[in-house]
Structure formats: C-alpha cells, structure tokens
Amino acid sequence: MKIKNIYISSDPLMTKEKEQFNNRRWLKDILTRPIKVCSGIVCESFGSSLVNVNQFMRKEFFKLSNISLNVDDMQFYFSEKDITESSLNYLKSFFKDNSIIIGYELSEQTRNIFDRIGLKYIDIWLHPIRFYDDILFAFNSNDLILREKLFKFHLDDEAFYYTADRLKIQSYKGWRRVVPELTVNSALFIGQMMNDKSVSDSGKMLSLLDFKKEFKEKTNTYSTVYYSRHPYIKTEDAEIIDYISSFKNVKVIDEAPYRLFSSIRLRHVFSISSSAAVEARYFGKDVDILHKELVRFGELEKNNSSASIYQSFLTPEFWADLFSHILDIKDFNTSGFISSKDKIRDMLGFYWSYYDIDKLENLRNPKKKLR
C-alpha cells in the first residue's frame, strides 16, 4: 500500500493542547523539508482543538466513551480499554486513506488506539542519553518493515560508553577539574518533576514517598545517600525533604549529575524513572529504576525497544530509505551538516546539565544548573 498522506503530531489524545502545539511546531519544521525533498509530499499537522468543531477535539473523543476530560491536565490519563467504537470512528474520520502519522512522545494508550484504527505510526521520543555530541531521539513504529529499517540507523551503545569515559577523564584531567566531596560507597537518588509523564502510573503521579521501603534499604546499604532535587523544583517537594531529613546519612546535594557520576566514590544511582539514572550506567554505576524506564532502546527483537537515532533523520536520505517500500521516491541531492555537534541541542535549547561538560556552554552561561 502506497502512502499518500503524512501527518505530524504530538500525542493528540493524552497531551494538553498547548503542549501538543509546542512540540508539533518544531517537529514539523524539522521534518517537512527532508520528507518533501525525497517524496514530494507536504506533511500535515494533526492535533486536537478546544474550540474548533471542524477539527479533532479530545473533549468529544472522550465524551463518546463517557469519559470526562480534564483539559487542564498536562497529561490526561485514560485507559485504552474504556475507549468505545464511537470514539474510534470519530478519530478515524479525521485521517485520509493511506496515511501515516509521525508522533512525538506518543503514550502507550495513544499507540494502542492507533493500532485499533489501523493507523501506521512512527513514534519519536527524546532519548535518555543527553551527554552525547548532540541530542538523540528514540524511534519506533508499529509497522515491522519500518521498524527494521529504523534500526539500520541505530547508534550502538558503545558510542555512549566511549563518551562517558571521556567525560570521566575530563572531570579530573580536563578543562574544569572540580571533584565533588562524596563519601566512599555512597549512593545518589535523582529527583524528578512532580507532574511529568515519566512518573505517571495509571494517573497517579509517583514520588519518593511511594518508595519508602526501597529508599530505606538504600540508606542501610550505603554510607551516604545523596538526594539531588530537580532544578525546577521550588517548594513542591517539601514533604519529601521532611521525609529524607529523618535519616542521618541522607544529604541534599546541589551538583551537576555528570560530575557525580564521574566520582569513583559513588557506587549506586537510583530514581523513579529519570533519564539521568539511565545515563549513569555508562559511567559504570549500579543503577536501580524504581518504577520503569520511559524509553527503552537498542534491542530490535523487543517491540517496546526503540532505535537510537542521531542526526540522520534530518536528511532526505533517511526518509527515502525508510519509506522506499511505501512511497515513490524522487531524485534528490545529498545533504547534511558539515559539523554535527550541537545542531539539534541549539535548535531546541535542550541543554540541561550540558553546561558542566561543554566549554562553550559553560562560558555562555556558567551559572546554569539544569538537568
């Protein structure tokens, strides 16, 4: 079946409309040109509206399943099993025949809904590894052929180990030698935002207070447990701070995670689901994810595992290869950046703790402390 229509979206069922737009805008601007160059197809936007009855409306979609939508929720939890055929037919009516949707961070529920209406999708998530030469993304698809082709562009994990080794050496030998004063045989808990999709469990937003047993076990195992607050948190975690204050060997620490990961005194890193904990593995740390890893990558044989894609998706070559079996591919000239470093990172302003490992970013904003 030849694809005739390509839609760009950002979880049109779970995510709040404003957040949908913010992500859909940059994704469409990044993908429109390379896809058009190789196929002639101009990508269309697909998102939900709060006011335009001629567009898809989440409120109507859930109403048809007797579900009341809270439009103020950044991520509205719902069970895919509660969605009726009426809702499915309503959603399906907004897609033309022979279509595929490229979505940013589609929830499991939304992916299941797309499966039920027979819609092919490519799902793109921000990759948990943030210390590489540029921001990566994790790509997956419900089309087996597309999925296999995506893994042709997969960046092997060895690239992350090599980079982490470089950063460890840089921490004591490089341009900024700041060794954190940690105790021997210590552990680090990485805090997260309180309302992020990554800490959602069936609609409940998890926190450290849901894992008191596991946390106490860590305090009995390690000499010191350091608690790293998320830099955007102000007072929302007051109850958590009160709880950890009851332990004599727990300390709140304000230090960039990569510097902590580089310390030989830090043995263990744990978190509810933070991507930073995933990164810690490549620095040789024992890691414990208390809830679940939001993005899994690197294993073609596992359907829930994505391909780690560097910058290749910015080029017509990537989409021509990916869509060669479902699109009529046109002739085009090859393209790409001469220097690949920080292109997407600078585009999107995705820096987090990058200031601590990159000379240029540190000079630009030396006081910045964002994970």
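Remark: spin-label model distance Glu148-Lys292 equals 2.8 nm, labels positioned 7 Å along the Cα→Cβ axis. For Lys173, the aspartates and glutamates whose Cα comes closer than 20 Å to its Cα, not counting residues fewer than 8 places off in the same chain, are Asp133, Asp165, Glu181, Glu255, Asp356, Asp358, Glu361.
Summing charges over neighbours of Asp286, with a neighbour being any other residue whose Cβ is under 12 Å away from its Cβ, gives +3 when K and R count +1 and D and E count -1.
The simple Förster model, with R0 at 35 Å and r as the Cβ-Cβ distance, assigns Ile117 and Lys343 a FRET efficiency of 0.50. Normalised per residue, the accessible area of the chain is 49 Å², obtained with a 1.4 Å probe and no contribution from ligands, DNA or RNA. In the chain, the portion of solvent-accessible area held by carbon and sulfur atoms comes to 48 percent [1.4 Å probe, whole percent, DNA, RNA and ligands not counted].
Of the GluC sites (Glu not before Pro) in region 289-371, the ones in a loop by DSSP (not H, G, I, E or B) with at most 13 other beta carbons within 10 Å are Glu299, Glu301. Local charge for Lys341 was computed over the other residues whose Cβ lies under 13 Å away, with Lys and Arg +1 and Asp and Glu -1, and equals -3. Working note: 222 nm ellipticity from helices only, DSSP H runs with n ≥ 4, each -39,500 (n - 2.57), summed and divided by the residues of the chain, gives -9000 deg cm²/dmol to the nearest 500. Counted over the chain, the DSSP beta bridges are approximately 30% antiparallel.
The modelled label-to-label distance for the pair Asn195/Asp210, using points 7 Å beyond Cα in the direction of Cβ, is 1.6 nm.
Please state the shape class of region 69-131: rounded when a/c is under 1.5, otherwise prolate if a/b exceeds b/c and oblate if not, all from the C-alpha gyration tensor. Because a/c hits 1.5 or more and a/b fails to exceed b/c, region 69-131 counts as oblate.
List the residues of region 142-183 whose backbone N lies under 17 Å from a point placed 7 Å from the Cα of Ile264 along the Cα-to-Cβ direction. Those under the cut-off are 165-174, 178-183. Computed with every protein chain present, the accessible area of Leu144 is close to 120 Å² [probe 1.4 Å]. Summarising the label geometry, the points placed 7 Å from Cα in the beta-carbon direction at Glu44 and Asn220 lie 6.0 nm from one another. Between the alpha-carbon centres of region 181-243 and region 274-298 there is a gap of 15 Å.
Ligands, DNA and RNA aside, Val71 has an accessible area near 50 Å² when probed at 1.4 Å.
The spacing between region 348-364 and region 111-167, judged by their C-alpha centroids, is 23 Å. Of the whole protein surface, Lys216 contributes about 110 Å² of accessible area at a 1.4 Å probe radius. Restricting attention to region 22-164, close to 50% of DSSP beta bridges with both partner residues there are antiparallel. Computing FRET efficiency as 1/(1 + (r/R0)^6) for Lys302 and Ala159, where r is the C-beta to C-beta distance and R0 is 30 Å, gives about 0.90. The local environment of Phe211, defined by Cβ-Cβ distances under 15 Å, has a net charge of -1 under the rule Lys, Arg +1 and Asp, Glu -1.
The values are calculated or read from the model by the stated rules, or taken from the named source; none is laboratory data. Given the structure is predicted, the values throughout are model-derived calculations rather than measurements. Ideal geometry is used to build each Cβ from the backbone, glycine not excepted, and the neighbour counts take in all protein chains shown. Side chains are part of the model used for accessible areas, which takes the heavy atoms of the whole protein and leaves out ligands, DNA and RNA. Shrake-Rupley method; radii C 1.70, N 1.55, O 1.52, S 1.80 Å.
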